[in-house]
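Sharing a structure with you now.
The values are calculated or read from the model by the stated rules, or taken from the named source; none is laboratory data. What you see is a predicted model; the values in this text were computed from it and never measured. Neighbour counts are summed over all protein chains in view; Cβ atoms, including those assigned to glycine, are modelled from backbone coordinates with ideal geometry.
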Amino acid sequence: MNAVEVSELTVRFDSFTAVDRITFAVGVGEIFGFLGANGAGKTTTIRVLTGLLSPTEGRVRVAGRSFADGARTIKSRVGYMSQRFTLYDDLTVSENLAFTSGLRKIPPAVSAERIQRLLRFVGFNHSPSALVRDLPGGLKQDVSLVAALLHDPDIVFLDEPTAGVSPAARSKFWALIRGLAREGKTIFVTTHHMDEAEECGRIALMRAGRIIALDSPAELKAQSFPDPLLEIEWTAGAPAGWRESLLERGAASVVPYGLHHHVMVNNRAAWDRFVGEHTGRLTVRTIAPSLEDVFIRLVEGADR
Amino acid sequence: MTALTLAVADVHKQFRGATALAGAALRIEPGTLHGLIGPDGAGKTTLLRTLVGLLHPDRGTVVYQQDGRDVPLLVARPFIAYMPQQQSLYPDLSIQEHLEFFRDLYQIEYEAFAARARRLLRLTRLEDFKDRSAGHLSGGMYKKLGLMCALLPTPAALLLDEPTNGVDPISRREFWDLLYTLRDDGIAILIATAYMDEAERCDTVHLMEGGRIWSAGAPRRILAEEGASHFAELFVRRAAAGA
C-alpha cells in the first residue's frame, strides 16, 4: 500500500484552477520532494493531503484514509512542520510539547514517554525548561520536529524545514529525517533549496497546477540534460558580443555564473568551431547539471 | 559614474554583552560581486549595517574611497544602496507608485527618473506588472521591487541582506542575472546569503562565522585549497572540528 495516493485531483477556487488533474503516489518510507515556483499549486495540494481542504474533483488517500472517512481521520495520521510557525516563542520547550499533546489528545502517560524518547532521538541536550525564543535556530527546528511527531503520524510534511539554519544543523537534521524514513515514516518535503531536494528519493515538479516531471534527482538530470552542460571561462578577456554570437550559432543557453558561464550546446559542430576560433583564450570543462539547472530547464520547456 | 570602494578592518561590535563582530575585515572594489556567506547569527547583518553607516563599530576602521580618494561616510552615503532583509514596501501602492514615491524622496529630476525607471523595469522584467500593488506580488517580484527602489538614485555600491530567501529557483536565477548586469555597470556589490550554493556565483566570497571572516577569495580557489567539493561541506566540517 502507498502512503499517499492521488488520482486526478483538481482543486478550483471559483473560476481559478489551482490544481489541475494531478495523479501520483508516494510509497511508505519514501522521502518525496515537492517542488515548484511560487503559485504553482504546491500549498493547495498539501492542504488537501493534510486534510485541511476538500478536493473539488478526484480521489485522495492518505495513510489509507480518504475524505469520505472524514478530514479528521486524515489529520490524525499526518504531522506538519514549517520553518515559519510551529512553536510558541514565549513558552518553554516542555510547555510547547505539552500544548501540542493536548491539541492532539494524547493521554498524558503516553505523551510523557514519547516526549522523552523523541527528544533523545533528535539529540536534544538543552534544558526542557528553556524558553523557545532563547534556543538557536537548529534546536528550535529539532523541537518543531518533535512536536510534529508526537501523535506518531505515518506521514510527515516538511515545509522548507531548514531555511536559515546553519549547514551543520542542517546536515544533522537530514540524518534524522533519513532515520525516520528507515523506520517507515513517509516524508513529504516542499522546498526552494535545491540541496534539500537532492536528499529526496523522488521529486515531483509542479507548474501551473500540473505535475510536469516526477522522478529521482539522478534520472531527472539525465533526462533534462542529454547533452553535457559546459562551464567556460575567458582566460584573457571576453571578446565583445560573444554571448549573442554563441546563442545565434549553437547554444541553447548561456548563463553567467560568477566569473564563469554555463553553456548548453545544441549544435555540436558550430560549438566546436567556436572553441576552435578562441583556442588559448577559453577554458572549457564539462560539469554535472544541478537540480536548479534541471528545474529551470523543465519549467522553461513547459512554458514553450 | 562614481566609483566607490568600501572597506572595513578589524571591526568589533557587541550588543548587550553578545559579540556580533569580532575583528571582521573585507574590501569591496567597484565592478565586483562579493558574497558574505555564513549561517544565521554569523554577524552578516551587523557587518552590512556597519558598512552602510547605520551602526558604529566599537573598534576598528571603516573606509570609503570615491574615485580613489578617501571620503567621509557623509560623502559616500548617498552612493550606497542598502536592501535590508525585512523590506518595508507599501502593500497598497503599485510598482509604478513606489518608483514615483522614491523619486520624490530622493528628489530625482523627472526626465532622469523616467529613463532610469524604464531601464529598471526592463532589467527586472516587471514592465507588465507595473500597475500591480506590492501586496499582490510574488515573493521574487517583491524582492525585485525592493531592489528597484534601492537602485533608483543610481548608487555606486549595493549591499543586499539575504535577498533571495524564500524565492523560487527561477526568480532566484533572474535576480542573479540582474546582479551580474549591475556588476558589469561598475557597481560594487556585497550580498549576504545563507544559501551555500550562492557562494559559487560570486567573484569573491567572504566566509563568516562567529563575527569574523575566516576565509576569503575566489570561490573555486577556496574549495580547492580546503579540498572540499562545495561550501556546505566546508561549514559542516568546520562545525565538526569545533572551530
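For residues that are more than 12 Å from every other protein chain (Cβ to nearest Cβ) and either β-branched (Val, Ile, Thr) or in contact with a Gly (Cβ under 6 Å, 6 or more places away or on another chain) (or both), tally how many sit in the stretch B:177-188.
2
Show the residue pairs that are 6+ apart or on different chains and have beta-carbon atoms under 7 Å apart, the first residue being within the stretch B:109-120 and closer than 15 Å to B:His98 by Cα, the second being assigned to a helix (DSSP H, G or I).
B:Phe113/B:Arg103; B:Ala117/B:Leu99; B:Leu120/B:Met148; B:Leu120/B:Leu151
Then there's this: Would you confirm whether or not the stretch B:69-87 contains a residue that is at positive phi and over 17 Å from the mean Cα position of the chain (by Cα)?
no
Name the pairs whose Cβ atoms lie under 6 Å apart, with the first residue in the stretch B:207-236 and at positive phi and in the same structural domain as B:Leu48 (by TED's automatic domain parsing), the second crowded, with 20+ Cβ neighbours inside 10 Å and of a type in the set (A, V, I, L, M), and 6 or more positions between them or separate chains?
Listed by first residue and then by second, the contacts come to B:Gly211/B:Ala20; B:Gly211/B:Leu21.
So the check is Cβ under 7 Å with 6+ separation or different chains; which pairs have a first residue in the stretch B:51-74 that's closer than 19 Å to B:Arg212 by Cα and a second one that's aromatic (Phe, Trp, Tyr)?
Hits for this filter: B:Val52/B:Tyr82.
Something else now. Identify, by number, the condition in (1) within 11 Å of chain B (Cβ to nearest Cβ); (2) within 17 Å of the chain's Cα centre (by Cα) that A:Ala169 doesn't meet.
Result: A:Ala169 passes all but (2).
From A:Ile211, A:Ile232, A:Ile187, A:Ile203, grab the single residue that is in contact with a Pro (Cβ under 8 Å, 6 or more places away or on another chain) and either within 20 Å of A:Arg61 (Cα to Cα) or not assigned by TED's automatic domain parsing to the domain that holds A:Arg104 (or both).
Result of the check over A:Ile211, A:Ile232, A:Ile187, A:Ile203: A:Ile203.
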